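J.: Pasting a structure here, questions to come.
The values are calculated or read from the model by the stated rules, or taken from the named source; none is laboratory data. Just so it is clear, the model here is predicted, and its values are computed rather than measured. So basically every Cβ, Gly included, is an ideal-geometry build from the backbone, and we count neighbours across all protein chains shown.
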Amino acid sequence: MMTFARVVQKRWLMGAMVLIAASTAPVAHADTCEAYDANAPYELVFADEFNEGELDRVRWNTEMLWGPGVIINNEMQYYVGEGQFGYNPFEVADGVLSIKADKTPFDRSRLYLTQSIYSATAAEVLWRQPEGAVSYDVKRDGAFLGSVEGGAWFEPSLRDGIDYAYEITARDENGTALSTEQITVNTSERSVSVPRTPFSLELDTVIYSDRSAELVWRSPNRAAYYVVTHNGESRRLNGRTFDSLYLDDVAPNTDLTYTIAAYDLCDERIIEDTIVLNTADGQTPSTVAERLVINAVIYSESTAEISWSAVQGATQYTLFDNGELIATITGRSQFVNDMVPGVDRKFLVVAEDSDGIELDSTTRTLNTADASFALNRQPFVSGVLTSYDSFRFKYGRVEMRARMPAGKGLWSAFWLLNAYYHDAEPEDPEIDIIEAIGDQTTTANQAYHTRADTNGDGVTDSSVSDEYRATIVDFSSGFHRYAVEWTPESIVWSVDDVVTAEVRGERVSQEQMYIILNLAVGGSFPGPPDESTQFPASFDIDYVRVYQKRP
C-alpha cells in the first residue's frame, strides 16, 4: 500500500478542454483506433450528460462483461438490468443519473429455489424458508425422496449433463402445504476453474484423408479477423468467430507450412502461430462419447443454443422441443431465437444409429431468466454500467462529476478495465479512478492493477498493484470531479483538478480499455453494511466524459 504523503499536488491546466461543448460528443464505436498525438489538443470523443430523461442503452451496457450472475470480491449485491426482477437501479432526472442499491424485495411466502453445483456428480438444492414452514418435501423427477427441516437437499450421485427436475413443498406444523416450487439441476452448469496458460492461438491440425484436412485454433477475444499465409499467398478471414479453415485439396505426403495471424479492429496484430501439416501423419482420431451430454449457451433473453456430444455409433440425432418433434439431423447443435424469459423450454435429444435405433437420449431445460439466483442468494440489488459495446479506447482523459453515498458497506466505483480480460492481453490492466468506501467519506482510493509473469514461463501468475489513498472533500456532501489522464508514458489521477497520484514507466497500459461505473454493497474491501446503513443508497452522476489527443 502506497501512501498519499509522497505524492506532490499540482493543478491541471484545462483551458483547451473546457472550451469543448460536451453535448456534441459522438457515441463512439468500439474500438477507437486513432493514433495518439501528444502535441494535439484534447478532443471530446465520448460523453453522457444524462439529459435525455432515461438511460442511453446505446452508450451503456447494464451488466459486467463476465455476466450478471458472477459475484466478485465477496460482494452482497446482484447487478440487475433495467426492470429485471421488478427493480430498476437506474434513474435519470434533472441531468443526473442515479445508480441505486436497495435491499432485495423478498416475498416471504416463496421458497426461491436455487442450486449449488460442487462437481460432475454432486449438487445441492437450496431455498429460503417461508414464514410458518417447519418441513419440506423433496421430489426428483416426480419421485418422493424425503422430508427435511432445513433449507437444503444434497445430492451426491448425479450423472453429469443430465437434467434433474426437483419439486420442493413447504409445509407448516399441521402438514398443510404452504408453497411448492420447481427447479431443474444439471451439473454441467458448474463453473470450471481453468489454469492460466501462456497466451496462444493453440493452432492445431485435423487430418481427414490424404487430400483433406483442417486448421483449427482458439479465437482471442480481441480478434476481428485472421490472415492465413501459405506458399507466399495470404487469405483474409473476416470475423472473430473464425476458429478453423477447411482444406480440401491438400498435396499428399508433403510438408505444408501455414501461418495464422490474428488482428484486432484497429489492424494491430495480436498474435500469430505457424504449423506444419502433412497428411501422411494419418487421419486424426475422432472424439466420441459413450453417453450423450447436452451443452447450453444463452446469448440474450430471446436467443440460445444447445449442442451435444458425438455418441459412439450415432449417425443422426432427433430433436424435440417441449415434446414436439423438430427434426432429425446429422449436425450436433440447434439455435433457438424465440426464447421467453421465465418460460422453461425442455429439449430432448435422441442419438440414433443408421437404422434409427436409439443409442442414448437426454434432456436439457433452458430459461433465459435468472430470478432464483438473485433473489435467493444476494440480499441486495444494485446496478452497473459499462461502455463495453459502445466505446473502448487507448489513452485519454476520463472524468466523472459525481456524488457518492455514505454508509457502512457501500462501495461506489468509477474505473477502467482491459477490454479483452484474461485473453488477448495477458497483463489484464485495471485503472481504478475512484473507489469510494461509504464509511470513509474523505478518502479517495485509487489504484493501478496488472498481472505479471514472475518466472518467465509465459504465464501471468501474480498481481502487481500501485495503490493510493488521498484525503479529499467529503464525497457524499456534494458533486466533485474525479479524473485520470492516461498517456503512453503515464497514468495521473486527480480530484477536482488536484493531482493525487501517478504511475510512470513501462508498466503503463497500452491496451484498449472501457468504462465501468457501479455501486457495490459489502465485499472484501468495505465489509458488510450494518443497521446504520441507509437504503436505498444512491450513486449520483452528473456526467461522464472522455477526451483524446488525436492527429
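J.: Show me the strands (runs of 3 or more DSSP E) entirely contained within the stretch 409-487 in which 2 or more residues are without any contact (Cβ under 8 Å) to a residue 12 or more places away in the chain and within 20 Å of the chain's Cα centre (by Cα). Spell out the reasoning first.
T.: Working: elements: 410-418, 430-437, 443-452, 462-471, 480-486.
Result: empty, no element qualifies.
J.: Go through the stretch 482-503 residue by residue and tally those that are hydroxyl-bearing (Ser, Thr, Tyr) and buried (at least 16 other Cβ atoms within 10 Å of the Cβ). Before you say what the answer is, go through the steps one by one.
T.: Of all residues in the stretch 482-503, those hydroxyl-bearing (Ser, Thr, Tyr) come to 482, 487, 490, 494, 500.
Adding the requirement that they be buried (at least 16 other Cβ atoms within 10 Å of the Cβ) leaves 482, 494, 500.
Here the count works out to 3.
J.: Which condition breaks for Gly81 when tested against (1) crowded, with 17+ Cβ neighbours inside 10 Å; (2) touching a residue at least 24 places away in the same chain (Cβ under 8 Å); (3) closer than 30 Å to Phe391 by Cα; (4) not β-branched (Val, Ile, Thr)?
T.: If we test Gly81 against (1) crowded, with 17+ Cβ neighbours inside 10 Å; (2) touching a residue at least 24 places away in the same chain (Cβ under 8 Å); (3) closer than 30 Å to Phe391 by Cα; (4) not β-branched (Val, Ile, Thr), just (2) comes out false.
J.: Any residue at all in the stretch 402-417 that's modelled with pLDDT under 95 and out of contact with any Cys (no Cβ under 7 Å at 6 or more places or on another chain)?
T.: We begin by selecting, within the stretch 402-417, every residue modelled with pLDDT under 95; these are 417.
Now drop any that are not out of contact with any Cys (no Cβ under 7 Å at 6 or more places or on another chain), which leaves 417.
So far as the stretch 402-417 goes, yes, one or more of its residues are modelled with pLDDT under 95 and out of contact with any Cys (no Cβ under 7 Å at 6 or more places or on another chain).
J.: Restricting to the stretch 322-369, and then to whatever is crowded, with 18+ Cβ neighbours inside 10 Å and of a type in the set (A, V, I, L, M), can you tell me which residue is nearest to Asn186 (Cα to Cα)?
T.: Ranking the candidates gives Leu366 first.
J.: Of everything in the stretch 164-214, what is charged (D, E, K, R) and within 30 Å of Asp243 (Cα to Cα)? Give them in sequence order. Walk me through how you get there before you give the answer.
T.: Kept after step one, since they are charged (D, E, K, R), are these residues of the stretch 164-214: 167, 171-173, 181, 189-190, 196, 202, 204, 210-211, 214.
Glu189, Arg190, Arg196, Glu202, Asp204, Asp210, Arg211, Glu214 - these are the residues of the stretch 164-214 that are charged (D, E, K, R) and within 30 Å of Asp243 (Cα to Cα).
J.: Based on this model, can you work out whether Leu292 counts as exposed (fewer than 12 other Cβ atoms within 10 Å of the Cβ) and not small (Gly, Ala, Ser)? Steps first, answer last, please.
T.: Numbers: exposed (fewer than 12 other Cβ atoms within 10 Å of the Cβ): no; not small (Gly, Ala, Ser): yes.
It is false that Leu292 is exposed (fewer than 12 other Cβ atoms within 10 Å of the Cβ) and not small (Gly, Ala, Ser).
J.: Please indicate, with yes or no, whether at least one residue in the stretch 196-215 is within 22 Å of the chain's Cα centre (by Cα), aromatic (Phe, Trp, Tyr), on the phi < 0 side of the Ramachandran plot and not assigned by TED's automatic domain parsing to the domain that holds Gln129. Steps first, answer last, please.
T.: As a first pass, look at the stretch 196-215 and keep what is within 22 Å of the chain's Cα centre (by Cα): 196-201.
Now drop any that are not aromatic (Phe, Trp, Tyr), which leaves 199.
Adding the requirement that they be on the phi < 0 side of the Ramachandran plot leaves 199.
From the residues that got through so far, the ones that are not assigned by TED's automatic domain parsing to the domain that holds Gln129 too are 199.
Checked against the condition, which is being within 22 Å of the chain's Cα centre (by Cα), aromatic (Phe, Trp, Tyr), on the phi < 0 side of the Ramachandran plot and not assigned by TED's automatic domain parsing to the domain that holds Gln129, the stretch 196-215 yields at least one hit.
J.: Considering each residue of the stretch 246-272, count those that are touching a Phe, Trp or Tyr at 6+ places or on another chain (Cβ under 8 Å) and under 25 Å from Arg211 (Cα atoms), and give that number. First the steps, then the outcome.
T.: Taking the stretch 246-272 first, the residues touching a Phe, Trp or Tyr at 6+ places or on another chain (Cβ under 8 Å) are 260-263, 269-271.
Next, only the ones that are under 25 Å from Arg211 (Cα atoms) stay: 260-261.
So the count comes out to 2.
J.: Do you know which residues across the stretch 106-120 are charged (D, E, K, R) and surrounded by 12 or more Cβ atoms within 10 Å (Cβ to Cβ)?
T.: Kept after step one, since they are charged (D, E, K, R), are these residues of the stretch 106-120: 107-108, 110.
The one that is charged (D, E, K, R) and surrounded by 12 or more Cβ atoms within 10 Å (Cβ to Cβ): Arg110.
J.: From Phe525, Phe539, grab the single residue that is in a loop (DSSP other than H, G, I, E, B), in contact with a strand residue (DSSP E or B) (Cβ under 8 Å, 6 or more places away or on another chain) and in contact (Cβ under 8 Å) with a residue 60 or more places away in the chain.
T.: Working: Phe539 fails: in a loop (DSSP other than H, G, I, E, B).
None of the others qualify; the one that does is Phe525.
J.: Does Asp530 satisfy the criteria of being of a type in the set (Asp, Glu) and over 24 Å from the mean Cα position of the chain (by Cα)?
T.: Values: of a type in the set (Asp, Glu): yes; over 24 Å from the mean Cα position of the chain (by Cα): yes.
Yes, satisfied.
J.: Next up: Evaluate the stretch 156-169: report whether one residue or more is free of Cβ contacts under 8 Å to residues at least 60 places away in the same chain, over 19 Å from Asp344 (Cβ atoms), surrounded by 14 or more Cβ atoms within 10 Å (Cβ to Cβ) and among the small types (Gly, Ala, Ser).
T.: Looking through the stretch 156-169, none of the residues is free of Cβ contacts under 8 Å to residues at least 60 places away in the same chain, over 19 Å from Asp344 (Cβ atoms), surrounded by 14 or more Cβ atoms within 10 Å (Cβ to Cβ) and among the small types (Gly, Ala, Ser).
J.: Yes or no: Leu97 modelled with pLDDT under 80 and either under 26 Å from Ser494 (Cα atoms) or surrounded by fewer than 18 Cβ atoms within 10 Å (Cβ to Cβ) (or both)?
T.: Details: modelled with pLDDT under 80: no; either under 26 Å from Ser494 (Cα atoms) or surrounded by fewer than 18 Cβ atoms within 10 Å (Cβ to Cβ) (or both): yes.
Taking the combined requirement at face value, the residue does not satisfy it.
J.: It is to be established whether one or more residues within the stretch 36-45 are modelled with pLDDT of 90 or more, surrounded by fewer than 18 Cβ atoms within 10 Å (Cβ to Cβ) and hydrophobic (A, V, I, L, M, F, W, C). Outline the logic, then answer.
T.: Initial filter on the stretch 36-45 (modelled with pLDDT of 90 or more): 36-45.
Among the residues that remain, those that are also surrounded by fewer than 18 Cβ atoms within 10 Å (Cβ to Cβ) are: 36-41, 43.
Among the residues that remain, those that are also hydrophobic (A, V, I, L, M, F, W, C) are: 38, 40.
So far as the stretch 36-45 goes, yes, one or more of its residues are modelled with pLDDT of 90 or more, surrounded by fewer than 18 Cβ atoms within 10 Å (Cβ to Cβ) and hydrophobic (A, V, I, L, M, F, W, C).
J.: A further question on this structure: Answer with yes or no whether Leu319 is more than 24 Å from Arg211 (Cβ to Cβ), among the aliphatic types (A, V, I, L, M), outside the structural domain of Met513 (by TED's automatic domain parsing) and out of contact with any strand residue (DSSP E or B) (no Cβ under 6 Å at 6 or more places or on another chain). Give the derivation first.
T.: Values: more than 24 Å from Arg211 (Cβ to Cβ): yes; among the aliphatic types (A, V, I, L, M): yes; outside the structural domain of Met513 (by TED's automatic domain parsing): yes; out of contact with any strand residue (DSSP E or B) (no Cβ under 6 Å at 6 or more places or on another chain): no.
No.
A quick yes/no check of all residues on (1) within 30 Å of Asn418 (Cα to Cα); (2) among the hydrophobic types (A, V, I, L, M, F, W, C):
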residue: Val227; (1), (2): yes, yes
residue: Gly239; (1), (2): yes, no
residue: Phe242; (1), (2): yes, yes
residue: Asp255; (1), (2): no, no
residue: Gly282; (1), (2): no, no
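J.: Where the second residue is charged (D, E, K, R) and assigned to a loop (DSSP other than H, G, I, E, B) and the first is farther than 14 Å from Val227 by Cα and lies in the stretch 252-265, which pairs have Cβ atoms under 8 Å and are six or more apart or on separate chains?
T.: Close Cβ pairs (under 8 Å, with a partner that is charged (D, E, K, R) and assigned to a loop (DSSP other than H, G, I, E, B)) amount to Pro252/Asp210; Pro252/Arg211; Asn253/Asp210.
J.: Another question about this same structure. Look through the stretch 429-481, keep the residues that are of a type in the set (D, E, K, R) and closer than 27 Å to Pro528 by Cβ, and return whichever of them is surrounded by the fewest Cβ atoms within 10 Å (Cβ to Cβ).
T.: Within the stretch 429-481, the first condition is being of a type in the set (D, E, K, R), and the residues that meet it are 430, 432, 435, 439, 451, 453, 457, 461, 466-467, 469, 474, 481.
In the following step, the residues that additionally are closer than 27 Å to Pro528 by Cβ were identified as 430, 432, 435, 439, 467, 469, 474.
On the way: Glu430: 20, Asp432: 22, Glu435: 22, Asp439: 16, Glu467: 15, Arg469: 20, Asp474: 13.
Among those that are of a type in the set (D, E, K, R) and closer than 27 Å to Pro528 by Cβ, it is Asp474.
J.: Find the strands (runs of 3 or more DSSP E) located wholly in the stretch 143-216 whose residues include 1 or more that are more than 30 Å from Ile72 (Cβ to Cβ), and list them. Please lay out each step first, then the result.
T.: Working: elements: 143-148, 152-155, 164-171, 177-185, 204-209, 212-216.
Filter on the stretch 143-216 gives 143-148, 164-171, 177-185, 204-209, 212-216.
J.: A further question on this structure: Please tell me if Phe535 is over 20 Å from Trp415 (Cβ atoms) and aromatic (Phe, Trp, Tyr).
T.: Values: over 20 Å from Trp415 (Cβ atoms): yes; aromatic (Phe, Trp, Tyr): yes.
Spelling it out, Phe535 is indeed over 20 Å from Trp415 (Cβ atoms) and aromatic (Phe, Trp, Tyr).
J.: Go through (1) assigned to a loop (DSSP other than H, G, I, E, B); (2) over 30 Å from Glu268 (Cα atoms) for Val499 and report which single condition fails.
T.: (1)
J.: Considering Asp474, Asp466, which residue is over 30 Å from Lys549 (Cα atoms) and among the charged types (D, E, K, R)?
T.: Values: Asp466 fails: over 30 Å from Lys549 (Cα atoms).
Going through Asp474, Asp466 in turn, the sole match is Asp474.
J.: Are any residues in the stretch 119-142 of a type in the set (A, V, I, L, M, F, W, C), under 24 Å from Ser188 (Cα atoms) and in a loop (DSSP other than H, G, I, E, B), and if so, which ones? First the steps, then the outcome.
T.: Just the residues of the stretch 119-142 that are of a type in the set (A, V, I, L, M, F, W, C), to begin with: 120, 122-123, 125-127, 133-134, 138.
Filter again for under 24 Å from Ser188 (Cα atoms), leaving 120, 122-123, 125-127, 138.
Within the stretch 119-142, Ala120, Ala122, Trp127 qualify.
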